[in-house]
Amino acid sequence: MVTAVQPRPRTAVALADVRLPSFRHFGPNWYATVMGTAIVANAGVALPVDVPGLRTACAAVWVLSAVLLALVLAARATHWIHHRDQARAHLVDPAIAPFYGCLSMALLAVGIGTLTVGQDIIGERAAVAAAAVLFGVGTLIGLSAAAVVPYLMVVRHLVTPGTASPVWLLPVVSPMVSASLGPLLVPHLPAGQWREAMLLGSCAMFGISLLATLVILPMVFARLVHHGPLPLALTPALFLVLGPLGQSTTAVNRLADVAPVAISAPYATGLGTFAVIYGVPVMGFALMWLALAGATVVRAAREGMPFTMTWWAFTFPVGTCVTGAEALAAHTGRAPFEWLAVGLFALLVTAWAVTGVRTLRGLFSGALLAAPGRR
């Protein structure tokens, strides 16, 4: 008598396959791919030069960033559903928890692109509605991350002296990105209280991020001076310091752009003056830090700096400096800021292309999804 092998029930197969190993180590740092792609579109569309086909190319990149956002959100949802233990471990890991700020910035960066270039594809009405949703959700998540991650660092994370990292800036930069998107929504709001509330709320988020950055940045520089360069794999994170510098310059100039239609004349005029008085020195410091970070990265590359997801730090922070230079060029009318914006944009596109190709290679090979000890 021959006994046939009975196939496993479909439910058993489903239970056996419920854990998806490829997503176990898919952390919140993957939102950096969305941020780094969206900023290419956001920066390119506002360049103060006329390049044939540039706006069309930026629209295509915006579409790519929106698709990436959907894919990463789905992958992160899978991670939380099937690997909840690992997700909780990420929250109490001081090296990974700050990356939760990237979710907010990914949503907001795509939202900015939706208003500036996405409306060419989906229309103004749909673009405003989508940007408003992305602004609301991204801002709530960003403000939560800006409070929760530092709280965890105080009460749960084991942070030893000399371990300050530029990564600590990620959760506190999120409100600054909200402060850049909020002004773009002001003209689409009813005149009066609604516009004023959006403007003042964006100013408040500018302050939250700026003051938090002023607390963290000295610790990062002190760590470099007293303990030497960062580990090779983490060296690109030095570019993260450019994020709050470029983004704050962008935000304050955008606030000045819409201030006349939101608040009374004395305050609107003062904000316009402050935008230049603040933005020019901060952009100068950003260029100094760019030189410092660039020299350190060159040194690390000579010593064998490996490719990791930290390479995405070469994209979004540099892109914020592009948008900051563009805003200063518009407000001052000075050609040097236009040249600076074009030069930094060329650097941004190069960094995005190289990092994107290396990321795809690491993704398809499985190297970027492997356990940290096996990479």
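Taken over the range 89-109, the residue count meeting the criterion of being among the hydrophobic types (A, V, I, L, M, F, W, C), touching a residue at least 60 places away in the same chain (Cβ under 8 Å) and over 21 Å from Leu134 (Cα atoms) is 5. Out of contact with any strand residue (DSSP E or B) (no Cβ under 8 Å at 6 or more places or on another chain), within 30 Å of Leu64 (Cβ to Cβ) and open to solvent by 30 Å² or more (accessible area, probe 1.4 Å): is that true of Leu360 in this structure? Answer is yes for this residue. Looking at (1) surrounded by fewer than 15 Cβ atoms within 10 Å (Cβ to Cβ); (2) within 20 Å of Ser144 (Cα to Cα); (3) in contact with a Gly (Cβ under 9 Å, 6 or more places away or on another chain), can you tell me which one Val215 breaks? The single condition Val215 does not satisfy is (3). Could you tell me whether the range 61-69 includes any residue that is under 22 Å from Leu185 (Cα atoms), open to solvent by 50 Å² or more (accessible area, probe 1.4 Å) and part of a helix (DSSP H, G or I)? Among the residues of the range 61-69, at least one is under 22 Å from Leu185 (Cα atoms), open to solvent by 50 Å² or more (accessible area, probe 1.4 Å) and part of a helix (DSSP H, G or I), which makes the answer yes. When residues in the range 288-303 are screened for being out of contact with any helix residue (DSSP H, G or I) (no Cβ under 7 Å at 6 or more places or on another chain) and touching a residue at least 40 places away in the same chain (Cβ under 8 Å), 2 of them pass. When Leu170, Leu140 are checked against the criterion of being closer than 19 Å to Ile112 by Cβ and touching a Cys at 6+ places or on another chain (Cβ under 7 Å), Leu170 stands alone in meeting it.
In contact with a Lys or Arg (Cβ under 9 Å, 6 or more places away or on another chain) and assigned to a helix (DSSP H, G or I): which single residue out of Trp311, Trp289 fits that description?
So the residue among Trp311, Trp289 that is in contact with a Lys or Arg (Cβ under 9 Å, 6 or more places away or on another chain) and assigned to a helix (DSSP H, G or I) is Trp311.
Being at pLDDT 95 or above and either open to solvent by less than 40 Å² (accessible area, probe 1.4 Å) or touching a Ser or Thr at 6+ places or on another chain (Cβ under 9 Å) (or both): is that true of Pro175 here?
It is true that Pro175 is at pLDDT 95 or above and either open to solvent by less than 40 Å² (accessible area, probe 1.4 Å) or touching a Ser or Thr at 6+ places or on another chain (Cβ under 9 Å) (or both).
Okay, residues lined up against (1) of a type in the set (Lys, Arg); (2) more than 30 Å from Arg55 (Cβ to Cβ); (3) in contact (Cβ under 8 Å) with a residue 12 or more places away in the chain; (4) open to solvent by 50 Å² or more (accessible area, probe 1.4 Å):
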| position | (1), (2), (3), (4) |
| --- | --- |
| His83 | no, yes, yes, no |
| Gln119 | no, no, no, yes |
| Ile122 | no, no, no, yes |
| Ala131 | no, no, yes, no |
| Gly136 | no, no, no, no |
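Let's see how each residue does on (1) within 30 Å of Pro306 (Cα to Cα); (2) open to solvent by 10 Å² or more (accessible area, probe 1.4 Å):
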position	(1), (2)
Leu238	yes, no
Val252	no, no
Thr269	no, yes
Gly279	no, no
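The values are calculated or read from the model by the stated rules, or taken from the named source; none is laboratory data. Here the structure is a predicted model, which means the values were calculated and not measured. For neighbour counting, all protein chains shown are included, and Cβ atoms are generated from backbone atoms with ideal geometry for every residue, glycine included. All accessible areas refer to the heavy atoms of the entire protein, side chains included, with ligands and DNA or RNA removed. Shrake-Rupley method; radii C 1.70, N 1.55, O 1.52, S 1.80 Å.
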